[in-house]
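The values are calculated or read from the model by the stated rules, or taken from the named source; none is laboratory data. Computed from a predicted structure; not experimentally measured. Cβ placement follows ideal geometry from the backbone for every residue including glycine, while neighbour counts extend to all protein chains displayed. In case anyone asks, the SASA skips ligands and DNA or RNA and just uses the protein heavy atoms, side chains included. Shrake-Rupley method; radii C 1.70, N 1.55, O 1.52, S 1.80 Å.
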Amino acid sequence: APLERLCLHESVGTKIPKAAFVDAFDGLDVRVELVGDEASYASTDAVASFEPRPEFLEAGWVHCIRAGYDAFDTDAYEGAGVPLTNSSGIHGETVGELAVGYMLSLARLLHVYRDHQGEREWHDPAYERPFTLSDERLCVVGLGTIGTAIAERADALGMEVVGVRRSEGSVPSVSRIYDPPALEDAVADARFVALAAPHTPETEGMIDERILDAMRTDAYLINVARGPLVDEAALVEALETDAIAGAALDVFETEPLPPSSPLWDLENVIVTPHRGSATNRYHLDIAELVRENVRRFQAGESLKNRVA
Ligand code: NDP
Ligand code: 7N6
């Protein structure tokens, strides 16, 4: 049956302004409504949401406004025959630039100077500490939209880029690609290791004590993917014992990061509050994707970014 209504679930409000999101669908040929948890759905409804809800399985199609759809039960969608789509493909620039910002700061100590600025201190770091990114090696784990965007930007800064992913084939700006079982070798010579793979049973805990030990002692870990990819206790241990040099983290095992986490206090760690995709146009990027899929749905074409 053709779609008659596009429901924007209120949970989108945790990441984007709801009214602006509704406006971004101006002129769409189906009715657009902001809905709450009291709503019920029919096969003529599409739902766009940040969080999953069991009742979405009654709809005709569900769109997750995140790239990482690990909170959605894909088996349930497949069982119910309801297509689920995600928002991969739109985070290259936003998350790619964040990763570059992290690397520049870790190399040139912007975060450290900012800490001292609060004390009006003209901070003088150890001479050996700052370095340039040029010629340093970056290992990108997960070479999709985000991983590729990080690789391209690092390449433009003169870095040497290697990467890890399961599928075959070369990736622009990446000089060597390793299979996931060779992760230990892939990270061994890197100054930066950046995580950009989805959270799956296979990637959960992939950065553990063994991998952290394999990293150089002057290496930095960047996580813009999902917290559970990293054994956080092992990471804290590695940071506190100087087994690695530092980290920049946008995602955590528990979010918001609890005030009791030791990560807050480490000078060599940059903590950002899961804002990798947070820019003033995120709602427009998502709306463009959803509009395209409304068009496809109505035309009986296969949906873009279908994940179940
Ligand atoms: P994509 O689906 O485009 O890319 C994911 C990549 O990961 C693919 O190249 C895939 O390649 C690779 N991959 C999958 N499994 C493994 C594995 N076991 N080892 C190594 N690589 C693997 O997703 P995006 O780039 O759009 O997003 C990636 C993740 O980033 C999302 O799933 C989400 O969790 C997170 N994210 C975080 C944001 C933030 O705000 N910080 C914003 C947006 C996304 P292959 O199949 O060949 O292995
Ligand atoms: C912002 C979500 C994703 O998976 O976690 C990120 O896309 C950001 C709505």
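If both residues of a DSSP beta bridge must be in region 1-66, then about 0% of such bridges are antiparallel.
Assuming R0 = 25 Å, what is the FRET efficiency of LEU284 and GLU97, from their Cβ-Cβ distance, to the nearest 0.05?
Details: r = 17 Å, r/R0 = 0.67.
Working from the Cβ atoms, E equals 0.90.
Convex hull of alpha carbon positions in region 223-308: directionally averaged projected area 7.7 nm².
Could you please tell me the mean projected area of the C-alpha convex hull for region 1-145, averaged over all directions and given in square nanometres to one decimal?
Working: hull surface 53.3 nm².
Value for region 1-145: 13.3 nm².
Dividing the C-alpha radius of gyration of the chain by 2.2 N^0.38 Å, with N its residue count, gives 1.08.
For ALA67, the residues whose amide H sits under 5 Å from its own are SER87, ignoring neighbours fewer than 5 places away on the same chain, with H placed 1.01 Å from N. So what is log10(I(q)/I(0)) for region 139-280 at q = 0.16, 0.20 1/Å, when the Debye sum runs over its Cα atoms only? Debye intensities relative to I(0), on a log10 scale: -0.80, -1.27. The angle between the Cα long axis of helix 145-156 and the main principal axis of the chain comes to about 40°, on a 0 to 90 degree scale.
Can you pull the percent of the chain's accessible area that's carbon plus sulfur, 1.4 Å probe, other chains left in place? Mind dumping the intermediate values first?
Working: 7030 of 14760 Å².
Answer for the chain: carbon and sulfur cover 48 percent of the accessible area.
What shape does region 105-179 have by the C-alpha gyration tensor, where a ≥ b ≥ c are the square roots of the eigenvalues, rounded means a/c under 1.5, and otherwise prolate means a/b greater than b/c and oblate the rest? Prolate, since a/c reaches 1.5 and a/b exceeds b/c.
In whole percents, the pair-distance distribution calculated for region 44-130 from its alpha-carbon pairs, binned every 5 Å from zero, is 3, 12, 17, 12, 8, 7, 8, 8, 8, 7, 6, 4, 1.
With n ≥ 4 as the cut-off for DSSP H runs, can you work out [θ] at 222 nm for the chain, using -39500 (n - 2.57) per run divided by the number of residues, rounded to the nearest 500?
Values: 9 runs with 89 residues, N = 308.
Dividing the helical sum by the residues of the chain leaves -8500 deg cm²/dmol.
Counting 0.36 nm for each residue step from ASP155 to ALA182 and taking away their Cα separation leaves a gain of 7.5 nm. Solvent-accessible area per residue in the chain equals 48 Å², computed with a 1.4 angstrom probe and all protein chains kept.
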